[in-house]
Amino acid sequence: MRNIKLIVAYDGTNYHGFQEQRGTGLPTVQETLEKCLSRLAGRRVQVIGAGRTDAGVHARGQVVNFNAEGWPIPVERIPLAMNGVLPGDIVVTGAEEVAGDFHARFSARSKTYRYSIWNDRLPSPFHRLYSYFLPVPLDLEAMSRASAYLLGRHDFKCFQAAGSAVTDTVRVLWRADIRREGPLVQFIFQGNGFLYNMVRIMVGTLVQVGTGKISPERVKLILESRDRIEAGPTMPPQGLCLEQVEY
């Protein structure tokens, strides 16, 4: 079987997440990609995505693969061909032929997410779709101390959305960086996998530290509790971006 991997960037504002929601009529990134690939292939094409980003969440480095038997376009020309038929808020940035057993989701070794907060007295019209506006001052030093408790192998059940069906909630987090560039505060997480809403809940918890509602040391106790109620709120989706998937 021919197997082709694509790297895809998208603005998730106008989509109800990545994953196809069959029969609902709601636009998704997966459905849009499949329609365009099918149009170019002259047959039904289905893609496998590395991450099922939620409604309003963005991506710079989403990865998909598809069965390319009979695919008519040279691999090096796929980005040009796809971007000619895709809407402007989805762009294929790379394409390559990969081994037949490559799977965008299950072959991934790690993922990197970024969450952005516009931390200023006034909102920005230019960042409103790609960050969460928070006019309250944030203590970056305290948040950085708190984020250190998240590093390593832990049961992250307290940072999983309530009602999730996932039972194995142990993950490894290698990176939890927080940095400020002017009014923009960015949280960067790299791990071997993420639970549903995990990044948004971790950021919500760290923001509680940054605003003085809880101490940095409290994050360690929250993690050990394995109780969603103990953790902070789920941050809004527009600040989240899937940056990269590593294989």
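The values are calculated or read from the model by the stated rules, or taken from the named source; none is laboratory data. Predicted model, so just to flag it, every value in this text is computed and none were measured. Quick reminder, even Gly has a Cβ in these numbers, built from the backbone with ideal geometry, and neighbours come from all protein chains shown.
Numbers below:
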read-out	value
Top-ranked residue in the range 1-44 [being touching a residue at least 12 places away in the same chain (Cβ under 8 Å) and of a type in the set (Gly, Ala, Ser); ranked as nearest to residue 111 (Cα to Cα)]	9
Some residue of the range 42-54 being over 18 Å from residue 242 (Cβ atoms) and touching a Phe, Trp or Tyr at 6+ places or on another chain (Cβ under 6 Å)	yes
Test for residue 130: is it closer than 30 Å to residue 218 by Cα, in contact with a strand residue (DSSP E or B) (Cβ under 7 Å, 6 or more places away or on another chain) and surrounded by fewer than 21 Cβ atoms within 10 Å (Cβ to Cβ)	yes
Selected residue (criterion: farthest from the chain's Cα centre (by Cα)) from residues of the range 8-30 that are surrounded by fewer than 18 Cβ atoms within 10 Å (Cβ to Cβ) and polar (S, T, N, Q)	24
Test: residue in the range 104-126 that is more than 20 Å from the chain's Cα centre (by Cα), modelled with pLDDT of 95 or more and assigned to a strand (DSSP E or B)	no
Within the range 179-214, considering residues that are among the polar types (S, T, N, Q) and in a helix (DSSP H, G or I), the one surrounded by the most Cβ atoms within 10 Å (Cβ to Cβ)	205
Test for residue 60: is it touching a residue at least 40 places away in the same chain (Cβ under 8 Å), part of a loop (DSSP other than H, G, I, E, B) and closer than 24 Å to residue 19 by Cα	no
Matching entry among 45, 64, 75, 57 (being aliphatic (A, V, I, L, M), out of contact with any Leu (no Cβ under 6 Å at 6 or more places or on another chain) and at negative phi)	75
Tally of residues being more than 18 Å from the chain's Cα centre (by Cα) and assigned to a strand (DSSP E or B) across the range 215-244	0
Selection count, the range 71-124, where residues are surrounded by fewer than 16 Cβ atoms within 10 Å (Cβ to Cβ), farther than 16 Å from residue 36 by Cβ and of a type in the set (Ser, Thr, Tyr)	1
Residues that are farther than 11 Å from residue 231 by Cα and outside any helix (DSSP H, G or I), drawn from the range 148-167	151, 152, 153, 154, 155, 162, 163, 164, 165, 166, 167
Cross-chain or 6+ apart pairs with Cβ under 9 Å, the range 96-109 first and under 23 Å from residue 80 (Cα atoms), then among the acidic types (Asp, Glu)	96/76
